[in-house]
Amino acid sequence: MTDETGKQQVVRFAFYKVDPLWRRLPPEQRWGDKEEFARVFTEAATEHLLRSYSTMGTRGDVDFLIWMVAWDLETIRCLSARLLDTGLGRYLTTPFSYLSMTRRSLYVKHHRHEGQEGTRTRIVPGEKKYLFVYPFTKTHEWYQLSQRVRQAMMNEHIVIGHKYPGVKINTTYSYGLDDHEFVVAFEADDPAEFMNCVEELRFADARPYTAIDTPIFTCLRGSIEETLAYLGG
């Protein structure tokens, strides 16, 4: 992707489910469908940030995730339509889809993750094996607290997060764009480290101000060919 420093990116987490009828098609047709889907994905990935992840074995309601990042909503629309216009795409449903944008953090002023800009307006995924994705929404009471009180609770979150250096967070915002307020995507190589981090955060002072933070998706990173291979055929 062309670097447009400071401009907010549009982000979509699209979770797809394959119609069981597709798995009953002749093997050669399924192979061709996957090849076509992978070709469209790969062509788009030369210009835009696309990542593929399998959810086979971790969720029963979705089969894989396409993480899309672009500079405008029209691009996200076109990318999504091109994928669904393939042979495989005609057998896909989207049980979950989350739309969000990047923006400056209100609570993190100077800290930088490795490979991430300080303004946090640009998604720079790492090379870690797992991605943990979930939307969440704060309570109304959270927004009535003073900035000083909210900052103190978020400082506690930051301190806890630093205890788990193998976990990288990507925070995106959905105010007015979707049904939730945030979508977070945590990258990690060790699921246990992420689980321990989340457990400790449950005891933080800010926890009562989370209204909802489900569903949660555990995703395994792979090339688009590897991701589609787990669909069968």
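Within region 19-32, if we keep just the residues that are in contact (Cβ under 8 Å) with a residue 12 or more places away in the chain and either over 29 Å from Ile216 (Cα atoms) or in contact with a helix residue (DSSP H, G or I) (Cβ under 6 Å, 6 or more places away or on another chain) (or both), the residue that is surrounded by the most Cβ atoms within 10 Å (Cβ to Cβ) turns out to be Arg30.
Give the residue that is surrounded by the fewest Cβ atoms within 10 Å (Cβ to Cβ), with candidates limited to residues of region 101-133 that are of a type in the set (D, E, K, R) and at pLDDT 85 or above.
Within region 101-133, the match that is surrounded by the fewest Cβ atoms within 10 Å (Cβ to Cβ) is Glu127.
Residues are listed down the side, and each one gets a yes or a no for (1) under 20 Å from the mean Cα position of the chain (by Cα); (2) over 29 Å from Val69 (Cα atoms); (3) β-branched (Val, Ile, Thr):
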site	(1), (2), (3)
Gln147	no, yes, no
Lys168	yes, no, no
Val184	yes, no, yes
Asp205	no, yes, no
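Note on region 66-90: residues that are under 20 Å from Arg30 (Cβ atoms) and out of contact with any Asp or Glu (no Cβ under 8 Å at 6 or more places or on another chain) total 7. Only one of the listed residues (Glu127, Glu193, Glu187, Glu225) is part of a helix (DSSP H, G or I) and over 30 Å from Pro26 (Cβ atoms). That residue is Glu193. Scanning region 194-213 for residues that are within 27 Å of Thr121 (Cβ to Cβ) and either in contact (Cβ under 8 Å) with a residue 24 or more places away in the chain or basic (Lys, Arg) (or both) gives Phe194, Cys197, Leu201, Ala204, Ala206, Tyr209, Thr210, Ala211, Ile212, Asp213. Answer yes or no: is there a residue in region 5-17 that is free of Cβ contacts under 8 Å to residues at least 12 places away in the same chain and either of a type in the set (Ser, Thr, Tyr) or over 30 Å from Thr121 (Cα atoms) (or both). So far as region 5-17 goes, no, none of its residues is free of Cβ contacts under 8 Å to residues at least 12 places away in the same chain and either of a type in the set (Ser, Thr, Tyr) or over 30 Å from Thr121 (Cα atoms) (or both). Looking at Ala229, is it closer than 27 Å to Arg39 by Cα and buried (at least 17 other Cβ atoms within 10 Å of the Cβ)? No, not satisfied.
Return yes when Ala211 is more than 26 Å from Met68 (Cα to Cα), outside any helix (DSSP H, G or I), touching an Asp or Glu at 6+ places or on another chain (Cβ under 6 Å) and not aromatic (Phe, Trp, Tyr) and no when it is not. For Ala211, the condition - more than 26 Å from Met68 (Cα to Cα), outside any helix (DSSP H, G or I), touching an Asp or Glu at 6+ places or on another chain (Cβ under 6 Å) and not aromatic (Phe, Trp, Tyr) - is not met.
The listed residues are Thr86, Thr42, and the only one of them that is polar (S, T, N, Q) and in a helix (DSSP H, G or I) turns out to be Thr42.
Restricting the search to region 17-35, which residues are closer than 11 Å to Leu228 by Cα and not hydrophobic (A, V, I, L, M, F, W, C)? Correct list: Arg30, Asp33, Lys34, Glu35.
So which residues in region 130-189 are among the aromatic types (Phe, Trp, Tyr) and in contact (Cβ under 8 Å) with a residue 24 or more places away in the chain? Even if it seems obvious, please write down each step before you answer.
Kept after step one, since they are among the aromatic types (Phe, Trp, Tyr), are these residues of region 130-189: 130, 132, 134, 136, 142-143, 164, 173, 175, 182, 186.
Result: Tyr130, Phe132, Tyr134, Phe136, Trp142, Tyr164, Tyr173, Phe182, Phe186.
The values are calculated or read from the model by the stated rules, or taken from the named source; none is laboratory data. Bear in mind that the values here come from a model prediction, so they are computed numbers and not experimental data. Positions of Cβ are generated from backbone atoms using ideal geometry, with glycine treated the same way; all protein chains shown enter the neighbour counts.
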